[in-house]
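J.: I am attaching a structure below and will ask some questions about it afterwards.
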Amino acid sequence: MTDADAASPGPGPGAGPGPALDPAAMRKQYRVEGITEAELAATPVEQFARWFKDAAVEARLFEPNAMVVSTADAEGRPSSRTVLLKQFDEKGFVFYTNYDSRKARDLAANPHVSLLFPWHPMARQVIVRGVARRTGRDETAAYFRTRPHGSQLGAWASAQSSVIASRDGLDASYAELAARYPEGEQVPVPPHWGGFRVAPQSVEFWQGRLNRLHDRLRYVAEPDGSWRVERLSP
Ligand SMILES: Cc1cc2nc3c(=O)[nH]c(=O)nc-3n(C[C@H](O)[C@H](O)[C@H](O)COP(=O)(O)O)c2cc1C
């Protein structure tokens, strides 16, 4: 699907990391086939479902549901981290996390969020921009019950994003919980843990193509709930 370009010469000996490790010398030629307006699905979620299937089934990417979630705090200072997508449908894209984490604090102050799916081996990228809202407690509880026992305990053991004194303290707290809730015993849903659903306002589908003339097609939500598609210059 992607072929190596003619490698450009990297810096000489002693001038840097050498061609093999020099990011400026790393170039891939992307695929010939692009995406057209005509073949796009009616909604961005349907189009996402097609590409998600390509990533998972056709390209067999490792964790195609891993996405970079970017938030900004009340002062507009950005931060990013990888999170796993756990569900998507016309209502939005759902992930689960700790409600006391930095990302959750950002979202409480500023619900605008960006989700980026970096499907590099396919020369594809999807960027969702939208607004995040907490999932309902019933929905959170239903998902929590599907998690492995160890992950359920982990959600209790970790005060995500807080500074801790040592790894030992974390392991001790997990061990205490494991003694209190042995395998088979129901673990209550932590009140500080749950989902966010990102309702999309725009979704861009990026397909890498030859000579950096990539395709970028973006769905933008209209006030009446329909979607407009626009093409962006690469
Ligand atoms: C592949 C991968 C998947 C991850 N999935 C999640 C996730 O689903 N939920 C989560 O809270 N953190 C997840 N993390 C950890 C986050 O990247 C991050 O460290 C954590 O959520 C704290 O972020 P914050 O301090 O910015 O809130 C994942 C990390 C990686 C590398």
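Readers should treat all values here as calculations from the given coordinates under stated rules, not as data from a laboratory. Small disclaimer: the values here were computed from a predicted structure and weren't measured. Note: ideal-geometry Cβ built from the backbone for every residue, glycine included; neighbour counts use all protein chains shown.
J.: Going by C-beta contacts inside 10 Å, put ILE35, ILE164 in order with the fewest on the left.
T.: On the way: ILE35 19, ILE164 11.
Starting with the residue having the fewest Cβ neighbours, the order is ILE164, ILE35.
J.: Report the extension gain between GLU46 and SER233 in nm, rounded to one decimal, defined as 0.36 nm multiplied by the number of residues separating them, less their alpha carbon distance. Don't jump to the answer; show the numbers that get you there.
T.: Numbers: separation 187, 0.36 × 187 = 67.32 nm, distance 2.33 nm.
Gain in length upon complete extension: 65.0 nm.
J.: A further question on this structure: Apply the Kirkwood formula to the range 82-169: the hydrodynamic radius equals the inverse of the mean of 1/r over all pairs of different alpha-carbon atoms; give it in Å with one decimal. Mind dumping the intermediate values first?
T.: Details: mean 1/r = 0.0659 Å⁻¹.
One over the average 1/r among Cα pairs gives 15.2 Å for the range 82-169.
J.: Beta carbons within 10 angstrom, averaged per residue: use that to sort the peptides 189-199, 59-69, 141-151, highest first. Don't jump to the answer; show the numbers that get you there.
T.: Details: 189-199: 19.5, 59-69: 16.1, 141-151: 13.3.
Sorting 189-199, 59-69, 141-151 by mean packing, highest first, produces 189-199, 59-69, 141-151.
J.: Assuming a viscosity of 1.567 mPa s and a temperature of 4 °C, what translational diffusion coefficient in µm² per second does Stokes-Einstein assign to the range 112-160, Rh being the Kirkwood radius over Cα pairs? Mind dumping the intermediate values first?
T.: On the way: Rh = 13.8 Å.
My calculation gives 94 µm²/s for D.
J.: Treating only the Cα positions of the range 34-186 as identical point scatterers, give the base-10 log of I(q)/I(0) from the Debye formula at each q in 0.15, 0.21 Å⁻¹.
T.: Taking Cα atoms of the range 34-186 as identical point scatterers yields -0.96, -1.38.
J.: Also, I was wondering about something else. For every helix of n ≥ 4 consecutive DSSP H residues, a contribution of -39,500 (n - 2.57) applies; sum these over the chain, divide by its total residues, and give [θ] at 222 nm rounded to the nearest 500 deg cm²/dmol. Each step should come with its number before you reach the end.
T.: On the way: 5 runs with 51 residues, N = 234.
After summing the helix terms and dividing by the residues of the chain, the value is -6500 deg cm²/dmol.
J.: Two decimals is fine: what's Rg over Rh for the range 162-234, C-alpha atoms, Kirkwood radius as Rh? Mind showing how you got there, number by number?
T.: Numbers: Rg = 23.6 Å, Rh = 17.7 Å.
Rounded to two decimals, Rg over Rh is 1.33.
J.: By a straight-distance test (C-alpha under 23 Å), which lysines pair with LYS53 as possible cross-link partners, with residues fewer than eight away in the same chain excluded?
T.: In chain and number order, the partners are LYS86, LYS91.
J.: How much FRET efficiency would the formula 1/(1 + (r/R0)^6) give for ALA159 and ARG60, where r is the Cβ-Cβ distance and R0 is 35 Å, rounded to 0.05?
T.: On the way: r = 36 Å, r/R0 = 1.03.
The calculated FRET efficiency here is 0.45.
J.: Report the gain in length on full extension from LYS28 to ARG81: 0.36 nm times residue separation, minus Cα-Cα distance, nm rounded to one decimal.
T.: Numbers: separation 53, 0.36 × 53 = 19.08 nm, distance 2.56 nm.
Computed gain between LYS28 and ARG81 is 16.5 nm.
J.: Could you tell me the center-to-center distance, by alpha carbons, between the range 161-214 and the range 124-151 in angstrom?
T.: Between the Cα centres of the range 161-214 and the range 124-151 lies a distance of 9 Å.
J.: Provide the packing ranking of 178-188, 209-219, 70-80, i.e. peptides ordered by the mean count of other C-beta atoms within 10 Å per residue, highest first.
T.: Working: 178-188: 10.6, 209-219: 16.1, 70-80: 12.7.
The packing order, highest mean first, is 209-219, 70-80, 178-188.
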